[in-house]
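So the structure is just underneath, and the comments pick up after that.
The values are calculated or read from the model by the stated rules, or taken from the named source; none is laboratory data. All of these numbers come straight from a predicted model, not from anything done at the bench. Here the Cβ positions follow ideal geometry from the backbone for every residue, glycine too, while neighbour counts run over all protein chains shown. Surface areas here come from the heavy atoms of the whole protein model, side chains and all, with no ligands, DNA or RNA. Shrake-Rupley method; radii C 1.70, N 1.55, O 1.52, S 1.80 Å.
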Amino acid sequence: MFLMLEDLGNRSMATGFILLGFSVPSEVKEALFAAFLLVYLLTLLGNLLISALIVISTNLHTPMYFFLFNVSCLDIGSASNIVPRMLVGLQVESNYIPFQECIAQVFGFVFLASTEVFLLTSMCYDRYVAICLPLNYRLIMSRRFCILLLAISWLVGLLYSLTFTLQLARLPFCGDNVIDNFMCELPKLLKLACGDPLANKIVLFALGGSVALTTFLVIVMSYVHIIRVILKIPSTEGRRKVFSTCSAHLVVLAMFYGTSAAAYLKPPSISLGHENLNSLFYTVFAPMLNPIIYSLRNEEVKKAARKAMHRRQRAL
């Protein structure tokens, strides 16, 4: 196997990594290539369609769908950051990735994922205000406030990812440079760091844990209040109708936090044996599933889609 190493003092520093990807026969790789290409195209199509629907449908010009539009853009970016390189890896025998490109992929992943978690938290706050403080909804969730939340989400995501990636790039990587995955993923990279860079690792996990814990607590507290209000509604139909306005958001949150927690909220020395499947789900399949979930479980989106189709039919 061809390894790129650079002498630094008495140590050879890795200038790139080998992504093992999928250890399957070539015939299976061809099938995987076709399947993942289809998933990627569906991801682009689904998120572009729901984004276009939000733009052209006036009844979707609300804070919830303002944030959802940005989440769709992030999902397109997340898939595009990982899947094309993965598809290349399925077509070559030795999938070598330079160190700078690997760090850039980590930066893109952390930036898009952290920005998305802030936006999902903003959507959660929007649902809290809509259900628990309905009389003050328009006053609180004003256009200016929504733009402020959006700007904070993107800016904090950018600063967080820059800090995170620069800290990662400071780690020394020497000797073995083989990553048992189809992408440059943080837990696998930390295992390859030589020496004992404990301080850097502590900073990395402290950064990740602080963002995850803060946003998780905001989401939990918001939904505790939401559920309390829903339970006070006397009729079953009323409870069902109110809960349906946030059910899709809950499903997306469960997918996002469930797979992310399984992959990242554990020490890098512990292996659960299914890390690559987690990576595959939240980088390849989740961006495809999100627009489907918001479409199938949301009457407003389905109603807007029917109106758009009727307008197109009349135009023809």
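Brief remarks on what is shown
- A count restricted to the stretch 219-256 and to residues that are modelled with pLDDT under 90 and either closer than 21 Å to L296 by Cα or charged (D, E, K, R) (or both) stands at 21.
- Of all residues making up the stretch 40-69, the number that are open to solvent by 20 Å² or more (accessible area, probe 1.4 Å) and among the β-branched types (V, I, T): 4
- Restricting the stretch 155-170 to residues that are open to solvent by 80 Å² or more (accessible area, probe 1.4 Å) and part of a helix (DSSP H, G or I), the residue that is nearest to L120 (Cα to Cα): L155
- The stretch 262-316: number of residues that are more than 21 Å from the chain's Cα centre (by Cα), at pLDDT 70 or above and within 23 Å of I202 (Cα to Cα): 0
- Cβ-Cβ contacts under 6 Å between residues 6 or more apart (or on different chains), taken from a first residue in the stretch 295-308 that is touching a residue at least 60 places away in the same chain (Cβ under 8 Å) to a second residue that is outside any helix (DSSP H, G or I) and surrounded by 12 or more Cβ atoms within 10 Å (Cβ to Cβ), are listed as A304/S57.
- Test: residue in the stretch 21-33 that is in a helix (DSSP H, G or I), in contact (Cβ under 8 Å) with a residue 24 or more places away in the chain, surrounded by 13 or more Cβ atoms within 10 Å (Cβ to Cβ) and among the hydrophobic types (A, V, I, L, M, F, W, C): yes
- Count of residues meeting criterion [touching a residue at least 24 places away in the same chain (Cβ under 8 Å) and open to solvent by 20 Å² or more (accessible area, probe 1.4 Å)] in the stretch 113-139: 8
- Qualifying position, being within 28 Å of F281 (Cβ to Cβ) and surrounded by fewer than 21 Cβ atoms within 10 Å (Cβ to Cβ), among V110, V92: V92
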